[in-house]
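A.B. asks: Quick one: the structure is below, questions incoming.
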Amino acid sequence: MTRTPLIAGNWKMNGTPMLVKDMILGLAQKYDALPEKPFEMLICPPFTLIGLASEFAKNTGIVIGGQNCSALSNGAHTGDISALMLKEARAKYVILGHSERRTDHGETNALIKAKAEQALKDGLKVIICVGETEVQKDAGETLKVVSKQVSESLPSDTKADDVVIAYEPVWAIGTGRTPTGAEVEEVHAFIRKQLAEMIGLDEAGGLRILYGGSVKPSNAKELLHIPNVDGALVGGASLKLDDFWGIAQAYL
Ligand code: 13P
């Protein structure tokens, strides 16, 4: 099964209406001019900017997503946002289980799985994040940690079409440090093999596994051409048009 790479920008708690306009119109101008689309481009701004982002992305090839959603469908849950609300704001994807949510909000694998199942039910695609901390890496536990996260946070009915995994070593996020190519290759191959056991060879072969953590234009070519790396989940560099587009250039 062929996998169309995904270049996804996670804006985290950053961004303004002006940045939304400049980024989406700027990206669309470049992306839409490509005669063929060798990758998909996704921007995930904070909740308050999703509607505006969708407006600018209308009639362009740029796709919009959210950064989190509730595991519940609706009701008395002050401050929460449902998957259906994201869908109605014309988001197509939602990032779930980012390490910042696991750490800042105590999100467990079980909660992430419940969120993913609700999001799929409401018609979103999900990007499930996994990755080890520096302490876990130093203890040689990377594969064990990632394996547990993959087996416990993926929705029961995981299909290649609507589930994406992002491997983001926590110690590489926002630090300028990245694993070696061999380390990335090992973890991605390991996840693919585990997926094959969970959902079968065909689905596992079509499911995209992104790398995230300090991806920049200067290292994108190297990271994104590693076997089993099907795109990037980009934080800081997704806030600058030239940097984000520079990363996508790895596929051009
Ligand atoms: P940076 O690209 O800023 O390291 O962030 C990665 C990330 O957390 C994306 O979700």
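No lab work stands behind these numbers, since they all come straight from the coordinates. Bear in mind the structure is a predicted one, so any value in this text is a computation, not a measurement. Every residue, glycine among them, receives a Cβ derived from its backbone with ideal geometry; neighbour counts consider all protein chains shown.
A.B. asks: For the pairs 21/148; 92/113; 21/87; 30/221; 30/148; 12/148, flag any whose C-alpha to C-alpha distance is greater than 30 Å.
C.D. replies: 21/148; 30/148
A.B. asks: Once phi is turned into θ = phi - 60°, what whole-Hz ³J(HN,Hα) does the Karplus curve with 6.51, -1.76 and 1.60 give for every residue of segment 28-38, x standing for Gly and Pro?
C.D. replies: With the stated coefficients, segment 28-38 comes to 4, 4, 7, 5, 5, 7, 5, x, 10, 10, x Hz.
A.B. asks: Where Lys and Arg each count +1 and Asp and Glu each count -1, what net charge lies around residue 42 among other residues with Cβ under 14 Å from its Cβ?
C.D. replies: Taking every Cβ under 14 Å from that of residue 42, the sum is +2.
A.B. asks: May I pose another question? Across 5 Å bins from the origin, how do the percents of Cα pairs in the chain run, short distances first?
C.D. replies: Pair shares across the bins are 1, 7, 15, 19, 21, 18, 13, 6, 1, 0.
A.B. asks: What percent does the relative contact order of the chain come to when contacts are Cα pairs within less than 8 Å and at least six residues apart?
C.D. replies: Once normalised by length, the contact order is 20 percent.
A.B. asks: Counting C-alpha atoms alone, how compact is segment 133-224: give Rg to one decimal and Dmax as a whole number, in angstrom.
C.D. replies: Over segment 133-224's Cα set, Rg and Dmax evaluate to 13.4, 37 Å.
A.B. asks: Quick check: the distance between the Cα centres of segment 3-79 and segment 83-127, to the nearest angstrom?
C.D. replies: 15 Å
A.B. asks: I need to check one value: relative contact order of segment 1-70, counting alpha carbon pairs closer than 8 Å and at least 6 residues apart, in percent.
C.D. replies: 40 percent
A.B. asks: How long are the semi-axes of the equivalent ellipsoid of segment 1-99, defined as square roots of 5 times the Cα gyration tensor eigenvalues? Whole Å, largest first.
C.D. replies: Output for segment 1-99: semi-axes of 25, 16, 11 Å.
A.B. asks: Taking H placed 1.01 Å from N in the peptide plane, check which residues at least 5 places from residue 210 or on another chain put their amide H under 5 Å from its amide H.
C.D. replies: So residue 210 has HN proximity to 165, 166, 167, 230.
A.B. asks: Quick one: dipole size for the chain, taken about the Cα centre, charges +1 on Lys/Arg Cβ and -1 on Asp/Glu Cβ, in debye to the nearest 20.
C.D. replies: 380 debye
A.B. asks: Which three extents, in angstrom, do the Cα atoms of segment 191-252 have along their principal axes, listed largest first?
C.D. replies: Taking the Cα atoms of segment 191-252, the three principal extents are 39, 20, 13 Å.
A.B. asks: Taking amide H positions as placed 1.01 Å from N in the peptide plane, with prolines and chain starts having none, which residues 5 or more places from residue 132, or on another chain, fall under 5 Å of its amide H?
C.D. replies: Placed amide hydrogens put 170 under 5 Å from residue 132.
A.B. asks: Give me the tail of P(r) for segment 58-119 as a percent: Cα-Cα pairs with distance above 16 Å.
C.D. replies: 47 percent
A.B. asks: Something else: I need the phi-derived Karplus couplings for segment 83-90: 6.51 cos²θ - 1.76 cosθ + 1.60, θ = phi - 60°, integer Hz, Gly and Pro marked x.
C.D. replies: 4, 5, 5, 4, 4, 5, 7, 6
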